[in-house]
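Structure first, commentary second.
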Amino acid sequence: MSRFVARLLVVVSKQATVRGSISQRRTPAIIRPSIRALSTSHGLQSLTRYDETTDWQKKLTPEQYVVTRERGTELPFSGIYLNHYEVGMYHCVCCDAPLFSSEAKYDSGTGWPAFKEAHGTWEQDESHTSIIRRPDNSLGSAGTEVLCKNCDSHLGHVFDDGPEPTGQRFCINSVALKFKPRRNKESENPEKN
Ligand SMILES: [Zn+2]
């Protein structure tokens, strides 16, 4: 049942995302060919690094589980990080890997947190980031899923209609993220988790 709901959520939100792309962006992701075919093979090798026996249903809330482990999507304009602009790092809610810096965050207007690039991106090289890309043709149109390289958590999708200079729009579920504010280097009190 939950899997069925997750699929439904994906369909609804994917359509919303595509509509958002067409109406608000000059070029839909589908038409513009990807000129940033990044090194996914490197990342794919590390998919099994995280313990596959982890009981994600115990570790996560039901909402986190559906989005990250069953490829669901939170409803647009519902996520806690949509209008969140504190300085810091967005980590994987499942394994704590650092995924996106607040410096790369921007308002895409589509209803989900958006980032211009993944943390660790060097020019167009994503081999040192904590994300991987995977083709997603589940809905009959070409798309690119974004996953955590460390634990295979579904994070969202990436499109080619982002702002310059990267041209990338990482459309990420708030539920898949855990924000940690940047610590003051002179602070004597380490951040509490
Ligand atoms: Zn992860």
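Quick note: the coordinates plus some simple rules give every number you see, no bench work behind them. Predicted model, so just to flag it, every value in this text is computed and none were measured. Neighbour counts are summed over all protein chains in view; Cβ atoms, including those assigned to glycine, are modelled from backbone coordinates with ideal geometry.
For a footprinting-style exposure proxy, rank 68, 61, 144 by other Cβ within 10 Å, fewest first.
On the way: 68 26, 61 11, 144 20.
Taking fewest neighbouring Cβ atoms as first place, the list is 61, 144, 68.
Before anything else, pin down the relative contact order of region 88-181: Cα pairs under 8 Å, at least 6 apart, normalised by residue count, whole percent.
On the way: 209 pairs, mean separation 28.7, N = 94.
After rounding, I find 31 percent.
Please rank 75, 147, 155, 82, fewest neighbouring Cβ atoms within 10 Å first, as an exposure proxy. Could the numbers behind the result be given before it?
Working: 75 13, 147 24, 155 29, 82 17.
So the residues, fewest neighbours to most, are 75, 82, 147, 155.
Given points 7 Å out from each Cα along the Cα-Cβ axis, report the residue 106 to residue 78 separation in nanometres with one decimal.
My value for the distance between the label points is 2.7 nm.
Using the C-alpha gyration tensor of region 88-181, what are the square roots of 5 times its eigenvalues, in whole angstrom, with the largest one first? Mind dumping the intermediate values first?
Numbers: eigenvalues 63, 49, 36 Å².
Semi-axes from the Cα gyration tensor: 18, 16, 13 Å.
Mind giving me the FRET efficiency for residue 55 and residue 87? R0 is 30 Å, r the Cβ-Cβ distance, nearest 0.05 is fine.
Working: r = 34 Å, r/R0 = 1.13.
The formula returns an efficiency of 0.30 here.
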